[in-house]
Amino acid sequence: MQDYLLKFPSKAIAEQFGVAHGFTTEVDGVIQAVFSTHEYALHEIGEHNGADYWILFRDLVGIPIPEDADPFIYWASTWTVTDEDGNETPVPRPDGYENIPTVFWS
C-alpha cells in the first residue's frame with residue numbers, strides 16, 4: 001500500500017488528470033470522482049489556503065504511476081532519504097505547514 005499527496009494548480013487540472021487516467025468519469029459534462037475501487041481509494045481534500053487543489057491517493061495494489069503524474073506528486077509514502085551513515089529512512093508526511101493541508105488518513 002502506498003499513499004500519495006497530490007497538488008494540482010486547480011480543480012480543473014485535477015479533473016482532467018483524473019479523467020485521463022480513469023480516476024474520474026464525465027457524464028453530461030459533470031465530472032464525478034471514482035473514490036474507491038479494489039485497487040485504490042482517493043480523498044478530495046480540495047482547495048487549501050485559496051490556492052492549489054489537493055488529492056490524497058491510496059494505492060492498494062501497486063498501480064503503475066502515470067508518466068505525467070510526477071509534477072503533481074507532492075509527497076509519497078515510499079520516498080526515502082539516506083542519512084549520513086548511509087541508512088535509508090522514510091520521508092515523513094508533511095505536517096504542520098501552513099501551505100499544506102492537514103487532512104490525512106491515519
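Restricting the search to segment 13-39, which residues are among the polar types (S, T, N, Q) and either part of a strand (DSSP E or B) or closer than 18 Å to Ile73 by Cα (or both)?
Gln16, Thr24, Thr25, Gln32, Ser36
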For segment 6-18, give me each residue that is aliphatic (A, V, I, L, M) and either surrounded by 12 or more Cβ atoms within 10 Å (Cβ to Cβ) or on the phi > 0 side of the Ramachandran plot (or both).
Leu6, Ile13, Ala14
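Conditions tested, residue by residue: (1) among the aromatic types (Phe, Trp, Tyr); (2) assigned to a strand (DSSP E or B); (3) touching an Asp or Glu at 6+ places or on another chain (Cβ under 6 Å).
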| residue | (1), (2), (3) |
| --- | --- |
| Lys7 | no, yes, yes |
| Ala41 | no, yes, no |
| Trp54 | yes, yes, no |
| Asp70 | no, no, no |
| Arg93 | no, no, no |
I'm checking my understanding of the structure. Among residues of segment 84-99 that are free of Cβ contacts under 8 Å to residues at least 24 places away in the same chain and acidic (Asp, Glu), which one is nearest to Trp54 (Cα to Cα)?
Asp95
Taking the condition of being under 24 Å from Thr24 (Cα atoms) and touching a residue at least 40 places away in the same chain (Cβ under 8 Å), how many residues in segment 52-83 meet it?
19
Every residue in segment 19-66 that is surrounded by fewer than 13 Cβ atoms within 10 Å (Cβ to Cβ) and among the hydroxyl-bearing types (Ser, Thr, Tyr), please.
Thr25, Ser36
Would you be able to tell me the number of residues in segment 1-27 that are charged (D, E, K, R) and modelled with pLDDT under 90?
1
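The values are calculated or read from the model by the stated rules, or taken from the named source; none is laboratory data. Model, not experiment: these values are computed from the prediction. Virtual Cβ from ideal backbone geometry, glycine too; neighbours counted across all protein chains shown.
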